[in-house]
Every structure is written in structure tokens, then in C-alpha cells.
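The values are calculated or read from the model by the stated rules, or taken from the named source; none is laboratory data. No experiment lies behind these values; they were computed from the predicted model shown. Note that we place each Cβ from the backbone using ideal geometry, even for glycine, and neighbour counts take in every protein chain shown. Ligands, DNA and RNA are stripped out before the accessible areas are found, and what is left, the full protein with its side chains, is counted by its heavy atoms. Shrake-Rupley method; radii C 1.70, N 1.55, O 1.52, S 1.80 Å.
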Amino acid sequence: MSIIIMIIVGFIVGLIARAIMPGDQPMGIILTTILGIVGAVVAGFLGQTLGWYAPGEPAGWIASVIGAIIVLFVVGMFAKKRG
């Protein structure tokens, strides 16, 4: 059951990040979900590194959206260099 919740939360976080980040991100439902999940992982890692989260503590909604925006920014930088 927790995997389904993680997928739903990842999708919502990915949608919010894509709505906030300017530009055109041609992504489908699956990539948007992966973006949200990776954003939450990035936020959790950065939060633990900075001492905001205890080990094993999940990142919050706002931190997950910020992490997803960071991932979108990095992917956008690589996409501009390649194309």
C-alpha cells in the first residue's frame, strides 16, 4: 500500500513542480511521477545533509516540490547543452 501512496504523492509533487517551473517540460504521466519521487529523494538527502531531517525521516511536501524543481532545473541545463 505504501508504494501506491508514494506513486500518488510523487505524481502530485511532480505536477506542482512542473506548474511552478517556467518553460515547457514535455513529460507524460510516468515521467511526472518519477520527477516527484526523485524530487522527494533529493529533498530528503539534502535535508539530512543539512541536519533538517533525522535519518529515515521523509521530506515534507514543500521540500519535495523544491527538490523536484531542482531536478527539473538540472535536467533543463543538460538538455540545453545537448540540443
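Quick notes
- Test: ILE20 is modelled with pLDDT under 90 and either in contact with a helix residue (DSSP H, G or I) (Cβ under 8 Å, 6 or more places away or on another chain) or over 16 Å from MET77 (Cβ atoms) (or both): no
- The set of residues from the range 53-63 being open to solvent by 70 Å² or more (accessible area, probe 1.4 Å) and either polar (S, T, N, Q) or in contact (Cβ under 8 Å) with a residue 12 or more places away in the chain (or both) comprises GLU57, PRO58, TRP61.
- Flag if GLY36 is of a type in the set (Gly, Ala, Ser), assigned to a loop (DSSP other than H, G, I, E, B) and closer than 21 Å to PHE73 by Cβ: no
- Residue ID - farthest from GLY39 (Cα to Cα), chosen from residues in the range 64-83 that are small (Gly, Ala, Ser) and surrounded by fewer than 20 Cβ atoms within 10 Å (Cβ to Cβ): GLY83
- Restricted to the range 1-31, and to residues there that are free of Cβ contacts under 8 Å to residues at least 24 places away in the same chain and not in a helix (DSSP H, G or I), the residue that is farthest from VAL65 (Cα to Cα) is MET1.
- Within the range 32-50, the set of residues being over 9 Å from ALA68 (Cβ atoms), open to solvent by 50 Å² or more (accessible area, probe 1.4 Å) and touching a residue at least 12 places away in the same chain (Cβ under 8 Å) comprises ILE34, VAL41, LEU46.
- Residue in the range 45-67 that is assigned to a helix (DSSP H, G or I), in contact with a Ser or Thr (Cβ under 9 Å, 6 or more places away or on another chain) and hydrophobic (A, V, I, L, M, F, W, C) present: no
- Scanning the range 6-29 for residues that are more than 18 Å from VAL42 (Cα to Cα) and either open to solvent by less than 100 Å² (accessible area, probe 1.4 Å) or polar (S, T, N, Q) (or both) turns up ALA19, GLY23, GLN25, MET27, GLY28.
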